[in-house]
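The values are calculated or read from the model by the stated rules, or taken from the named source; none is laboratory data. Note that the structure is a prediction, hence the values are computed from the model and not measured. Positions of Cβ are generated from backbone atoms using ideal geometry, with glycine treated the same way; all protein chains shown enter the neighbour counts. For accessibility, only protein heavy atoms count, side chains too; no ligands or nucleic acids. Shrake-Rupley method; radii C 1.70, N 1.55, O 1.52, S 1.80 Å.
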Amino acid sequence: MVRRITVRPLSLLAVLCSVAFAQPFAWGSLSSAWAKPSGTLRLYTSQPDADAQKTVAAFREVYPEVSVEIFRSGTEEVISRFLLEAEKGSPQADVLLVADAPTFELLKARNLLESYCSPEAKAIAATYYDPDCHYFGTKILATVIVYNTAKAQPIDSWAALAQVPEGQLVMPSPTYSGAAAYNLGVITRTPGLGWEWYEALKKNKAVLVQGNGAVARNVASGEQSYGMVVDFLAIRSRNEGSPVEVVYPKEGVPLITEPVGIVKGTPNLEAAQAFVDFLLSQKGQEVAAGMGYMPLRQDVTPPKGFPALSELKILSVPATELAESREADKARFAKLFGE
Amino acid sequence: MRWKDLSKGLRHPIIPWLVAVAALVTLTHVYPLWRLLQRALGGEGENIRWLLETPRVHLALRHSLWVSAASAALALGAALLLAVLTTQTDLPGRGILRLLFLSPLVIPPQVLALAWIQWAGPVGYLQQGLRWILGKQGSLWSLYTPAGIILLLALFVLPIAYLTLVAGLSRLSKQAQEAAQLDGANLLQVWLYVTLPLLRPSVAAAAALAFLGAWGNFGIPALLGIPGRYLTLPTLLYQEVINFSGDGFGRSAALALLFGLPALFFLSWPQRSQEGLDPGEAPPDPYRLGWLGWLLSGILFAAALLVVLGPLLAMAATALLRAYGLPLTWSNLTLEHFRMVLFDLERARRATLHSLGLAGGAALLCSGIGTILGYALTRLKVPLLALLSFIVDLPYALPGLIFALSLILVWLPPPLPGLSLYGTLWLILMAYLGRFSALALQPLQAAWRSLDTSLEEAASIDGASLLQTFRHILVPLLAPALTAAVLLVFLQSFAELTLSALLVTSRSETFGWLIFGLQQGGYTQQAAALSTLLLIALFALAAGIQALRRHAKPS
């Protein structure tokens with residue numbers, strides 16, 4: 001018994017020494033292999049399933065050692081599950097790829113996010129990520145006007161959208177959709193639009209639905225002639241051949257960035273950081289553009305049908321302010337519309 | 001006296017089985033619901049205060065009570081008529097009618113409601129056709145009203161009520177009906193004075209299931225009630241769940257308490273035993289309807305076309321159109337969406353396998369729970385058991401979202417070191433067991449109630465063990481109710497969507513999760529294609545069973 005214990009470390013040491021001395025030049029490559037991310041990465045996302053699959057496949061081409069487990073669901077479902085897990089002290093995700101900056105501000109305020117300043121962030125405008133590096137935008141999802149080409153006259157501004165024939169405008173309800181709640185926060189703080197704009201919509205009998213998907217469907221089928229919707233859905237619908245046209249209103253567009261953030265206390269920080277780097281890298285942004293999303297990097301060409309990033313006029317409000325006022329805004333909206 | 005009853009009850013041979021069921025139900029029902037209750041009452045009672053003091057809550061409660069009661073009544077009436085006509089008469093085409101009215105079972109309510117909008121909505125095929133015929137402009141009616149919600153909910157719970165009633169009807173005494181007929185009673189009189197009273201336990205079960213199914217449904221009020229600004233309890237609960245900055249979860253847990261109210265009400269119903277069984281006898285000969293049969297059949301087919309077939313065809317049309325919103329012309333048709341879901345949708349096959357296994361497992365286990373618990377409830381008169389039946393019913397009345405969240409609360413910490421159910425298929429199986437046990441318990445309990453105890457007593461005097469009595473005497477007699485239970489749980493869990501949306505990960509995909517993902521990511525047509533394929537599979541299966549039966553009969 002005693003002999004065994006003494007022999008083993010000795011032989012181990014001998015092996016180590018022989019390896020180290022026999023191949024002194026191999027050390028460099030060995031250490032980089034150790035640093036290479038591996039193990040399992042648990043991703044919580046609201047990307048459509050096919051897109052999440054493609055994103056992960058492209059990531060694994062670069063980091064084949066990492067296996068990725070995905071929980072994919074609607075934004076609301078993903079966040080409620082994550083918050084409940086976090087509340088119980090054991091979040092089951094390593095990275096989150098969901099929703100909008102104010103939602104991440106909320107997670108940051110609850111100290112649920114890890115700070116990591118990705119070197120890739122240099123290629124992205126500073127407005128699209130948290131200055132403390134808790135989350136980074138990954139793409140641009142602008143809210144635009146969509147109209148049915150068979151039924152509606154073209155319009156080019158939010159102001160004109162409030163004047164369309166009664167009951168002909170459909171939009172997601174901020175009470176049920178996080179993206180719509182974001183738009184509510186931005187538009188009510190935009191000079192020239194504000195709460196008066198929503199009051200005009202109410203007077204004009206705007207129709208509320210649960211989410212962006214229903215808006216795209218209703219305008220395509222002609223149930224309503226105009227809609228307020230996230231651009232990639234409308235552009236995809238147009239490219240597939242639905243009778244719709246997309247307009248980026250001249251006052252500017254509110255946009256969400258589907259940020260990515262690392263969960264505090266993740267057991268696989270390396271893989272999580274690699275994932276963030278990948279999404280922001282040129283390759284990662286090209287993958288997003290290939291799936292029909294507007295990339296954040298200027299050096300990646302947007303997919304067919306999208307305007308160039310530099311041509312977009314953006315309406316924005318600091319994410320912290322939106323996070324703080326979201327519930328009050330939603331309550332005022334619900335009261336206004338009698339929901 | 002009561003103590004004597006109790007000690008007699010404790011010696012009953014069902015007790016070990018009942019203990020096993022109680023243990024399982026503790027894991028799938030009691031514990032998750034307990035955590036939810038804890039959460040609702042937590043803090044300084046502010047969630048309860050919010051519940052009691054908020055006018056929006058009261059409004060939603062009133063709305064939900066109204067639409068659920070109305071749709072349950074509508075569904076029950078229609079199901080009674082259909083059940084009697086398809087099982088007791090020689091109605092022409094009854095097999096096809098049965099299948100048509102059952103088919104909404106396999107379609108998730110979110111998809112069904114959308115199909116309805118495409119059929120009867122403002123720009124739906126039905127309204128457009130009628131507008132063209134009548135030469136009118138504008139909307140003829142609106143689905144985004146309480147009436148629209150009631151109609152759709154009724155359609156959604158109709159198959160459940162129907163199957164429960166059919167199970168009860170097929171056990172009716174032949175003699176009572178024949179005696180009434182010999183006395184000169186006509187079909188309606190037999191129906192009103194003989195069939196209906198004998199059927200009372202099954203009617204109560206069907207009514208309870210129909211109400212609870214409508215009460216906890218989120219998909220239909222979400223699609224119709226949000227545009228109509230008609231707030232219901234499930235949509236209000238969703239609003240609170242996604243309120244991430246406050247204690248939305250605590251409030252939704254408090255709201256979940258309200259969902260238990262009707263289940264409590266059904267518990268207080270008088271549960272008299274009914275004895276209408278006539279073991280060993282062939283079912284009564286089908287009543288000959290003659291020319292009336294053709295008339296009724298015509299009316300029912302027209303109704304089926306209007307409320308079932310039309311929407312299903314609209315769904316199929318959506319799946320076949322090149323792009324959403326295009327007019328239905330030859331040049332716009334394509335099989336591309338079917339090709340996509342059949343061949344490109346990675347993991348569709350794995351998800352289907354998972355769902356087959358889960359639905360099969362849930363169907364068997366739920367029927368087991370229902371058989372044992374139903375037996376114990378009707379044979380041992382222990383008040384504590386009534387509480388157990390209330391708890392089994394409850395998750396079915398809850399919206400899937402909140403039940404899934406309570407399961408996360410319970411199963412997030414590993415129950416034993418090194419053993420984690422979280423993110424596995426086992427957790428989803430437990431979720432289905434929790435949610436759908438009520439669907440098995442209600443018809444089985446009704447069957448036990450109408451089954452005379454004399455048979456068991458005779459068998460017991462002859463020295464048969466409980467297991468032997470079950471195997472050779474009771475289970476064959478229960479067969480119709482068991483079939484209904486297995487079918488209901490299997491079909492509902494196969495296309496289950498709201499629990500899956502919160503519990504499924506990339507290792508444990510299910511069929512309903514696939515549909516949810518497609519619908520939610522804007523791939524409406526692919527979701528419609530997947531649902532259409534599911535329907536085709538159901539029809540093919542039914543046709544296959546029919547052919548097998550016909551083949552087996554001559555021998």
* Lone unmet requirement of (1) surrounded by 23 or more Cβ atoms within 10 Å (Cβ to Cβ); (2) more than 14 Å from chain B (Cβ to nearest Cβ) for A:SER157 -> (1)
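Provide a single number: the residues in the range B:509-518 that are at the interface with another protein chain (Cβ under 7 Å from one of its Cβ atoms) and touching a residue at least 12 places away in the same chain (Cβ under 8 Å). First the steps, then the outcome.
So in the range B:509-518, the residues at the interface with another protein chain (Cβ under 7 Å from one of its Cβ atoms) come out as B:517.
After this cut, where a residue has to be touching a residue at least 12 places away in the same chain (Cβ under 8 Å) as well, the list is none.
Result for the range B:509-518: 0.
Looking at the range B:164-180 only, could you name the residues that are in contact (Cβ under 8 Å) with a residue 24 or more places away in the chain, in a helix (DSSP H, G or I) and not charged (D, E, K, R)? Please lay out each step first, then the result.
Initially, the range B:164-180 is screened for residues in contact (Cβ under 8 Å) with a residue 24 or more places away in the chain, giving B:164-178.
Next cut, in a helix (DSSP H, G or I) only: B:164-169, B:174-178.
Selection gives B:THR164, B:LEU165, B:VAL166, B:ALA167, B:GLY168, B:LEU169, B:GLN175, B:ALA176, B:GLN177.
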* To do: Go through the residues of the range A:244-253 one by one and say whether even a single one is at pLDDT 95 or above, under 30 Å from A:ARG110 (Cβ atoms) and either hydrophobic (A, V, I, L, M, F, W, C) or in the same structural domain as A:GLY167 (by TED's automatic domain parsing) (or both).
  => yes
* To do: Look through the range B:95-154, keep the residues that are closer than 18 Å to B:TRP215 by Cβ and of a type in the set (Val, Ile, Thr), and return whichever of them is farthest from the other protein chains (Cβ to nearest Cβ).
  => B:ILE150
* To do: Determine which member of the set A:LEU208, A:LEU296, A:LEU233 is away from chain B (no Cβ under 11 Å) and either in a helix (DSSP H, G or I) or not small (Gly, Ala, Ser) (or both).
  => A:LEU296
* Asked: Just one of the numbered conditions (1) open to solvent by less than 40 Å² (accessible area, probe 1.4 Å); (2) more than 24 Å from B:ALA542 (Cβ to Cβ); (3) among the small types (Gly, Ala, Ser) is not true of B:SER142; which one?
  -> (1)
* Asked: Which ones in the range A:243-280 are more than 22 Å from A:ALA101 (Cα to Cα) and polar (S, T, N, Q)?
  -> A:ASN268
* Within the range A:83-105, track down each residue that is more than 10 Å from chain B (Cβ to nearest Cβ), among the small types (Gly, Ala, Ser) and closer than 26 Å to B:TRP411 by Cα. => A:ALA86, A:ALA93
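May I ask you to say which residue of B:LEU398, B:LEU441, B:LEU407 is crowded, with 23+ Cβ neighbours inside 10 Å and within 14 Å of chain A (Cβ to nearest Cβ)? Talk me through it step by step, then tell me what you get.
Details: B:LEU398 fails: within 14 Å of chain A (Cβ to nearest Cβ); B:LEU441 fails: within 14 Å of chain A (Cβ to nearest Cβ).
The unique qualifying residue is B:LEU407.
Answer yes or no as to whether A:GLY284 is within 15 Å of the chain's Cα centre (by Cα), in the same structural domain as A:ARG42 (by TED's automatic domain parsing) and not hydrophobic (A, V, I, L, M, F, W, C).
Taking the combined requirement at face value, the residue satisfies it.
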* Tell me, please, whether a residue that is closer than 21 Å to A:LEU201 by Cβ and within 14 Å of chain B (Cβ to nearest Cβ) can be found in the range A:318-325. => yes
* Restricting the search to the range A:63-76, which residues are open to solvent by less than 20 Å² (accessible area, probe 1.4 Å) and within 11 Å of chain B (Cβ to nearest Cβ)? -> A:ILE70, A:PHE71, A:ARG72, A:SER73, A:GLY74
* For the range A:30-44, which residues satisfy the criterion of being away from chain B (no Cβ under 14 Å) and either at pLDDT 95 or above or surrounded by fewer than 18 Cβ atoms within 10 Å (Cβ to Cβ) (or both)? -> A:LEU30, A:SER31, A:SER32, A:ALA33, A:TRP34, A:ALA35, A:LYS36, A:SER38, A:GLY39
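Condition check ((1) more than 20 Å from A:ILE155 (Cβ to Cβ); (2) among the charged types (D, E, K, R); (3) within 12 Å of another protein chain (Cβ to nearest Cβ)) across all residues:
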{"residue": "A:ASN204", "(1), (2), (3)": "no, no, no"}
{"residue": "A:SER237", "(1), (2), (3)": "no, no, yes"}
{"residue": "A:ASN268", "(1), (2), (3)": "yes, no, no"}
{"residue": "A:VAL287", "(1), (2), (3)": "yes, no, no"}
{"residue": "A:LYS304", "(1), (2), (3)": "yes, yes, no"}
* Structure fact -> Within the range A:257-285, residues of a type outside the set (S, T, N, Q) and assigned to a loop (DSSP other than H, G, I, E, B) come out as A:GLU258, A:PRO259, A:LYS264, A:GLY265, A:PRO267
* **Residues satisfying the stated conditions in the range B:455-495, i.e. under 30 Å from A:GLU76 (Cβ atoms) and either outside any helix (DSSP H, G or I) or without any contact (Cβ under 8 Å) to a residue 12 or more places away in the chain (or both)** => B:ALA495
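Say we look at the range B:362-387 and pick out the residues that are open to solvent by 20 Å² or more (accessible area, probe 1.4 Å) and among the small types (Gly, Ala, Ser); which of these is nearest to B:LEU466 (Cα to Cα)?
Taking the range B:362-387 first, the residues open to solvent by 20 Å² or more (accessible area, probe 1.4 Å) are B:364-365, B:368, B:372, B:377, B:379, B:381-384, B:386-387.
Going one step further and asking which of them are among the small types (Gly, Ala, Ser), we end up with B:368, B:386.
Numbers: B:GLY368: 15, B:ALA386: 22 Å.
Top of the filtered list is B:GLY368.
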* Which numbered condition A:TYR129 misses (of (1) within 14 Å of chain B (Cβ to nearest Cβ); (2) open to solvent by 40 Å² or more (accessible area, probe 1.4 Å); (3) under 15 Å from the mean Cα position of the chain (by Cα)) -> (1)
* Is at least one residue of the range B:347-366 modelled with pLDDT under 95, over 26 Å from the mean Cα position of the chain (by Cα), farther than 30 Å from B:ALA479 by Cα and in a helix (DSSP H, G or I)? -> no
* Asked: Can you name the residue in the range A:45-56 that is modelled with pLDDT under 95 and in a helix (DSSP H, G or I) and is also farthest from the other protein chains (Cβ to nearest Cβ) among such residues?
  -> A:LYS54
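Residues B:LEU223, B:LEU264: which one is open to solvent by 20 Å² or more (accessible area, probe 1.4 Å), under 23 Å from the mean Cα position of the chain (by Cα) and closer than 26 Å to A:ILE79 by Cβ? Spell out the reasoning first.
Working: B:LEU264 fails: closer than 26 Å to A:ILE79 by Cβ.
The conditions single out B:LEU223.
Quick one: which of B:LEU97, B:LEU105, B:LEU61 is in a helix (DSSP H, G or I) and open to solvent by 10 Å² or more (accessible area, probe 1.4 Å)?
B:LEU61
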* Structure fact -> Residues of the range B:320-336 being within 13 Å of another protein chain (Cβ to nearest Cβ), open to solvent by less than 60 Å² (accessible area, probe 1.4 Å), under 16 Å from A:ARG217 (Cα atoms) and not hydroxyl-bearing (Ser, Thr, Tyr), in sequence order, are B:LEU321, B:ALA323, B:GLY325, B:LEU326
